[in-house]
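The values are calculated or read from the model by the stated rules, or taken from the named source; none is laboratory data. Note that the structure is a prediction, hence the values are computed from the model and not measured. Cβ sites come from the backbone with ideal geometry, for glycine too, and all protein chains shown count toward neighbours.
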Amino acid sequence: MLPWKTIIQIQKDCDTPVYLQIANAMIQEIKKGRIGPGIKLPGTRMMAEILNVHRKTLVNAYEELDAQGWIEMRPSKGTFTNNELPEINPLRFSIKTKRNKSFPTETGYPVRINDQLRKPVLPNRNITGFHDGPDMRLIPVDELGRAYKSILSRTNNLKYMSYVEIAGVQKFRTVLSDYLNTSRGLQTTFENIMITRGSQMGLYLLSLVLFAKGDSIIVGDPNYYYADHVFLNAGMTLLRVKVDEYGIDVDAIAKICTRKKIKALYITSHHHYPTTVTLIAARRIKLLSLAEKYGFIIIEDDYDYDFHYLSSPILPLVSADTKGMVVYIGTLSKTIGPAIRTGYIIAPPNLILELCRIRQLIDTQGDPVMELALAEMFVEGNIKRHMKKAQQEYHRRRDFLCDYLHQKLSTVIDFKIPDGGLAIWAKFDKSVPLPPLTEKLRAQELILSNGLIHNNSSISLNATRMGFAWMNEKEAENAVNMLARTIQAKK
């Protein structure tokens, strides 16, 4: 018998489970040829006694070796190393070329460069700063973890581990429909909802289903960068309309419609992105009337409806839509956390069906287990409680940051306190150009967007969104002090 106790060295303080240490040690000996093919191994009871471990540990080790193809278990005969061991040294192609010592750094064929889109950048969320988004420390992780575990622990939910409805799990869509009907004045059923991997996916799917190259779409000036580029990627023509303190200029939209065929309009009506202004009720009514008259689609992106700090928010355009002209998209990524890639599209069933058809080419479904966990959190009131707590906290943080910015930097930063959302729209004095300022702050480990993403061919702004939700009051105070010192040092 081979000296197994010498061959298999077990380290009790190692992070690797003991059964894997045993399996890995045996694999190494097989690779070296010390344990040849067809060799009978000691039974699990005997090997456990030799190695002084629990028999179940040996059972797990043998099962691991069997799963990888290193051994075979023959009924009534015992356990043997496999006669046909896994391929240890795969054969290489016989082409006589110089072998690379690393993976190629570039393709050997041309790749079309999309120079309309900026290069992906690291989010730098590990560094504190004026990030535009929720504070991850407020996420109800315990409740989410319990709900997720609860879903997985029920045998009747095993069917959701396979393929489900392309539009999303019906139970979740029903719960979400009830929530949206109550909070936004809608009259939907689950058939009006398609679950997406965030609102951005929803926009992209809509661009594939509804639009063709050459179609014209009206957008704000400025507008959400990634919405612009979804439409540009579809070959559409962007017609930019100014956004003032009351929202997008609807009279200007009416004038465009009299002289040009408009396919659609994209709008962030609740809190315009990036300026945070709310489209007033009178303009909403006129916009719906124009859509019905001229037949253009309104894509209403309501990315942060859940966060408002004054009176009740104005209901979305879709709540007053009786002709099916509005497609409404939203997300829970701001409500809970960006990693929760759960967005939705609200539309009549015929459009939902076409979106489902095209979605099959990208992703046959979303995350059914997460959808069920979120449904459970809605039903049990966890999400509502979280939103109430988060809204109160973000309200305080908004007030603190705005007050402190006014105290410290009112001469160089102009802004209006937003009624809702998670960021302010800050216009910097021309004497303080944003790009070099943000580079200096980054060197001090403070993040502030340089605002260039909000510029387009028709405007060049020295403005940016300054998130107030990400930092608590002490962190915000330190950040503003650093910002003030850096600006003063420049002068």
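List of remarks:
- Residues that are of a type in the set (D, E, K, R) and either at positive phi or in contact with a helix residue (DSSP H, G or I) (Cβ under 6 Å, 6 or more places away or on another chain) (or both), drawn from region 424-467: LYS440, GLU445
- The one condition in (1) under 23 Å from the mean Cα position of the chain (by Cα); (2) assigned to a loop (DSSP other than H, G, I, E, B); (3) touching a residue at least 24 places away in the same chain (Cβ under 8 Å) that LYS261 fails to fulfil: (1)
- Test result for LEU351, in the same structural domain as GLU300 (by TED's automatic domain parsing) and farther than 28 Å from LEU152 by Cα: yes
- Flag if LYS77 is touching a strand residue (DSSP E or B) at 6+ places or on another chain (Cβ under 9 Å), closer than 17 Å to LEU2 by Cβ, surrounded by fewer than 18 Cβ atoms within 10 Å (Cβ to Cβ) and not hydrophobic (A, V, I, L, M, F, W, C): no
- For region 334-358, a residue qualifies if it is under 20 Å from the mean Cα position of the chain (by Cα), of a type outside the set (Val, Ile, Thr) and either buried (at least 21 other Cβ atoms within 10 Å of the Cβ) or under 17 Å from SER177 (Cα atoms) (or both), and the qualifying residues are LYS334, GLY343, TYR344, LEU355.
- First in region 353-367 and hydroxyl-bearing (Ser, Thr, Tyr), second anywhere and surrounded by 12 or more Cβ atoms within 10 Å (Cβ to Cβ), Cβ under 6 Å, 6 or more apart: none
- Pair list, Cβ under 8 Å, 6 or more apart: region 125-142 residue in the same structural domain as LEU422 (by TED's automatic domain parsing) and free of Cβ contacts under 8 Å to residues at least 12 places away in the same chain, other residue assigned to a loop (DSSP other than H, G, I, E, B) and surrounded by fewer than 19 Cβ atoms within 10 Å (Cβ to Cβ): none
- A residue that is among the acidic types (Asp, Glu), surrounded by fewer than 17 Cβ atoms within 10 Å (Cβ to Cβ) and assigned to a loop (DSSP other than H, G, I, E, B) cannot be found anywhere in region 214-225.
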